[in-house]
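K.L.:
My questions all concern the structure below.
The values are calculated or read from the model by the stated rules, or taken from the named source; none is laboratory data. These figures come from a predicted structure and were not determined experimentally. Cβ atoms come from the backbone with ideal geometry, glycine included; neighbour counts cover every protein chain shown.
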Amino acid sequence: MTATRNMREKTDSSNRAGIGQLLIIGFDGTEMSPRLASLLTRLQPAGVILFARNITGGEQTSKLLKDCQACVPTPLFTCVDMEGGRVDRFRSVTGSAPSPADVFASGDRKLFRKHGKVIGESCRTLGFNTDFAPVVDLALEASKTVMSSRAVSADPKEVVVYAREFLAGLRSAGDAP
């Protein structure tokens, strides 16, 4: 009976860890808690994602990400969705960043890339290695109320131009898009 129970527990633990590697988890709070540490240790997720609710300062954010990593032996994806404009998770730390639509309106490809680079540098400085930006939705009338300044154009080719340059900027800062 004991051998069967031990085998079942090992299988359950292995399955849980395998399933955890499919997850990137978000959570409430701005610091490590026993509950969060237990969750990370049990699930062994592929990564964590922080939102504005988790970010109050530079040192605090860096420490929170390091504390999350300490619960998981494999390297974590430390993720954020940082686009600028309405989706600006770092506003309280670095000040506001321009929206993708505002940057796109300049028509300057070098500025598109610089936008990605500046955001990427902020991500790296705070301890993030993955940014879920840019949005590549089309700026269509039907989605205007939802997407507003997050979408840059209704023309797919223009969206690709912006996204390509923004992503090159992120990569040059060492951030994985």
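K.L.:
Of all residues in the range 23-52, count the ones that are part of a loop (DSSP other than H, G, I, E, B) and either among the small types (Gly, Ala, Ser) or more than 24 Å from residue 133 (Cβ to Cβ) (or both).
P.N.:
7
K.L.:
Name the residue that is surrounded by the most Cβ atoms within 10 Å (Cβ to Cβ), counting only residues in the range 77-125 that are acidic (Asp, Glu) and assigned to a loop (DSSP other than H, G, I, E, B).
P.N.:
Quick first cut of the range 77-125, residues acidic (Asp, Glu) only: 81, 83, 88, 102, 108, 121.
With assigned to a loop (DSSP other than H, G, I, E, B) added as a condition, the list becomes 81, 83, 88, 108.
Working: 81: 16, 83: 24, 88: 20, 108: 13.
Ranking the qualifying residues of the range 77-125, first place goes to 83.
K.L.:
Under 6 Å by Cβ, and 6 or more places apart or on different chains, what pairs join a residue from the range 76-98 that is on the phi > 0 side of the Ramachandran plot with one that is hydroxyl-bearing (Ser, Thr, Tyr) and buried (at least 17 other Cβ atoms within 10 Å of the Cβ)?
P.N.:
84/99; 85/99; 85/149
K.L.:
Also: Would you check if residue 18 is small (Gly, Ala, Ser), at pLDDT below 90 and surrounded by 15 or more Cβ atoms within 10 Å (Cβ to Cβ)?
P.N.:
Working: small (Gly, Ala, Ser): yes; at pLDDT below 90: yes; surrounded by 15 or more Cβ atoms within 10 Å (Cβ to Cβ): no.
Spelling it out, it is not the case that residue 18 is small (Gly, Ala, Ser), at pLDDT below 90 and surrounded by 15 or more Cβ atoms within 10 Å (Cβ to Cβ).
K.L.:
In the range 123-165, what residues are in contact with an Asp or Glu (Cβ under 9 Å, 6 or more places away or on another chain) and under 28 Å from residue 65 (Cβ atoms)?
P.N.:
Scanning the range 123-165 gives 123, 124, 128, 129, 130, 131, 132, 133, 134, 135, 149, 150.
K.L.:
Would it be correct to say that residue 26 is of a type in the set (Gly, Ala, Ser), modelled with pLDDT of 90 or more and in contact with a strand residue (DSSP E or B) (Cβ under 8 Å, 6 or more places away or on another chain)? So that I can check it myself, show each step before the final result.
P.N.:
Working: of a type in the set (Gly, Ala, Ser): yes; modelled with pLDDT of 90 or more: yes; in contact with a strand residue (DSSP E or B) (Cβ under 8 Å, 6 or more places away or on another chain): yes.
For residue 26, the condition - of a type in the set (Gly, Ala, Ser), modelled with pLDDT of 90 or more and in contact with a strand residue (DSSP E or B) (Cβ under 8 Å, 6 or more places away or on another chain) - is met.
K.L.:
Follow-up question, since we're still on this one. Determine which member of the set 77, 112, 104, 90 is of a type in the set (Phe, Trp, Tyr) and farther than 17 Å from residue 149 by Cβ. Spell out the reasoning first.
P.N.:
On the way: 112 fails: farther than 17 Å from residue 149 by Cβ; 104 fails: farther than 17 Å from residue 149 by Cβ; 90 fails: farther than 17 Å from residue 149 by Cβ.
Going through 77, 112, 104, 90 in turn, the sole match is 77.
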